[in-house]
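The values are calculated or read from the model by the stated rules, or taken from the named source; none is laboratory data. Bear in mind the structure is a predicted one, so any value in this text is a computation, not a measurement. No Cβ is skipped: glycine too gets one built from the backbone with ideal geometry, and neighbour counts run over all protein chains shown.
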Amino acid sequence: MPAFALEPEQTAWCARLRTLAAQRLRPLADKGEPGRVNRPLVAELGRLGLISRLFDSGALALCLMRESLAYACTEAETALALQGLGAHPVHAHGTPAQRERWLPRVADGTAIAAFALSEPGAGSDAAALALRADGEEAEDAQGAETRRDAALGGGPVAEADGPRRWRLTGEKCWISNAPEADFYTVFARTTPGAGARGVTAFLVPADRPGLTGTALEMLSPHPLGTLGLDAVPVTADDVLGETDRGFRVAMGTLNLFRPSVGAFAVGMAQAALDATLDHTRRRDAFGGKLMDLQTVAHQVAEMALRTEAARLMVYAAATAYDAAAPDVPRRAAMAKLLATETAQYVVDTAVQLHGARALRRGHLLEHLYREVRAPRIYEGASEVQRGIIAKELYATHAASHTPREAP
């Protein structure tokens, strides 16, 4: 399917989602407490079958869901996305026992998932995370050295060479759904000094001893908090994927969800654009309507242009992911970067054209103005996306071009 066109049934499905969001999800969102997990809202997403779609649909379907929900109810969109972000590593890398225990409860909205990657000193630089996974079973010096060399060299690490039990010690910060989640996908350092190759992903239920958390009051209304891990016990049965291969789990999850963060941004941008079209068409100003002023008309045209360009890039990145294209990291980074920066511009311009009324508490644009800022930071800040894009471009260029020798 071309990235620039949707089938009629997809367009109709998006319209139904917007209606569901307005009629069934918006009322539940309005009853929720900002900064707290809205369990009735998550449960309704489960009853509607939307959470289960996260695991049986592709990236494009995920983007269409997030864009459609964001247009009518950003809280519902975020609740859906956080369930997917926290549970996708279990779906993609979990053992049968892990999947059987948690995924049905995530899908029906009775278990809240969270993705715990960021730390106070390792946000955008995820490979620098410092939360320790201290092995409890002793290794002899030769076994430890073999294990470390294998991790640094990228080779397989034999299970017999490493511990089967660990204690997690450290802090996670800026974790969505913390501290109210029922389980966390926690990324910890199992091999010191190995960078990205020494990280392991663990599935950590919230009731594990030594796991505590604190909610943070943030500008955006979705739940966010810190986690403290004081010798939290985990075993080989809690590992997601392979020991020392957790960075792949993290990046695989982010490559899927980054384009859909862009879809979230596009949904907000479209809502702001439509609100602006309605306002400027009705608002009297200087003997006519606001829309009659050329400077206003040109601003609205620019808002629409950027929104559509971002939408097309998001769809292209999602289509590339579903086709298992080799350039997914670059496309995902481009989609997130362009869409989130575009949404910031469109919402800000919409506020300017609405004037003071848009800053009043409870106005749609006041809400969007608080929501739109965070996506430029989380799941890789805009600066990180530019770094990914440049790295991928140079790698592709080097692989496909033979340097010319100087004459």
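Could you please let me know if T212 is in contact with a helix residue (DSSP H, G or I) (Cβ under 8 Å, 6 or more places away or on another chain), in contact (Cβ under 8 Å) with a residue 24 or more places away in the chain and part of a strand (DSSP E or B)? First the steps, then the outcome.
On the way: in contact with a helix residue (DSSP H, G or I) (Cβ under 8 Å, 6 or more places away or on another chain): no; in contact (Cβ under 8 Å) with a residue 24 or more places away in the chain: yes; part of a strand (DSSP E or B): yes.
Answer is no for this residue.
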When (1) in a loop (DSSP other than H, G, I, E, B); (2) more than 30 Å from A236 (Cα to Cα) are applied to L69, the one that fails is (1)
Taking the criterion of being crowded, with 21+ Cβ neighbours inside 10 Å and either at positive phi or not assigned by TED's automatic domain parsing to the domain that holds F183 (or both), would at least one residue in segment 2-16 satisfy it?
no
Quickly run through segment 200-244 and pick out the residues that are under 20 Å from the mean Cα position of the chain (by Cα) and of a type in the set (A, V, I, L, M).
A201, L203, V204, A215, L216, M218, L219, L224, L227, L240
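Yes or no, residue by residue, for (1) in a helix (DSSP H, G or I); (2) without any contact (Cβ under 8 Å) to a residue 40 or more places away in the chain:
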residue: A269; (1), (2): yes, no
residue: M291; (1), (2): yes, yes
residue: T319; (1), (2): yes, no
residue: P329; (1), (2): yes, no
residue: A339; (1), (2): yes, no
residue: T342; (1), (2): yes, no
residue: R361; (1), (2): no, yes
For residues in segment 21-64 being more than 27 Å from A215 (Cβ to Cβ) and touching a residue at least 60 places away in the same chain (Cβ under 8 Å), which is surrounded by the fewest Cβ atoms within 10 Å (Cβ to Cβ)?
G58
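Would you be able to say whether some residue in segment 69-78 is of a type in the set (D, E, K, R), farther than 17 Å from P223 by Cα and buried (at least 17 other Cβ atoms within 10 Å of the Cβ)?
Taking segment 69-78 first, the residues of a type in the set (D, E, K, R) are 75, 77.
Those still in the list that are farther than 17 Å from P223 by Cα too: none.
No, that holds for no residue.
Does R370 meet the test of being over 20 Å from F264 (Cβ atoms) and either touching a Leu at 6+ places or on another chain (Cβ under 9 Å) or crowded, with 23+ Cβ neighbours inside 10 Å (or both)?
Here the answer is no, as R370 does not meet what is asked.
Surrounded by fewer than 18 Cβ atoms within 10 Å (Cβ to Cβ) and at pLDDT below 95: which single residue out of G193, G246, G228, G198 fits that description? Let's see the steps before the verdict.
On the way: G246 fails: surrounded by fewer than 18 Cβ atoms within 10 Å (Cβ to Cβ); G228 fails: at pLDDT below 95; G198 fails: surrounded by fewer than 18 Cβ atoms within 10 Å (Cβ to Cβ).
Unique residue meeting the criteria: G193.
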Give all pairs with beta carbons closer than 7 Å in which a residue from segment 232-259 that is of a type in the set (D, E) meets a residue that is assigned to a helix (DSSP H, G or I); count only pairs at least 6 apart in sequence or on separate chains.
D244/A151; D244/R197; D244/G198
If you go through segment 378-401 one residue at a time, do you hit one that is under 24 Å from A297 (Cα atoms) and part of a helix (DSSP H, G or I)?
no
Going through segment 282-317 one residue at a time, which ones are among the hydroxyl-bearing types (S, T, Y) and either at positive phi or surrounded by fewer than 18 Cβ atoms within 10 Å (Cβ to Cβ) (or both)?
T295
Need the failing condition index for G35 against (1) out of contact with any Leu (no Cβ under 6 Å at 6 or more places or on another chain); (2) closer than 27 Å to Y321 by Cα, just the number.
(2)
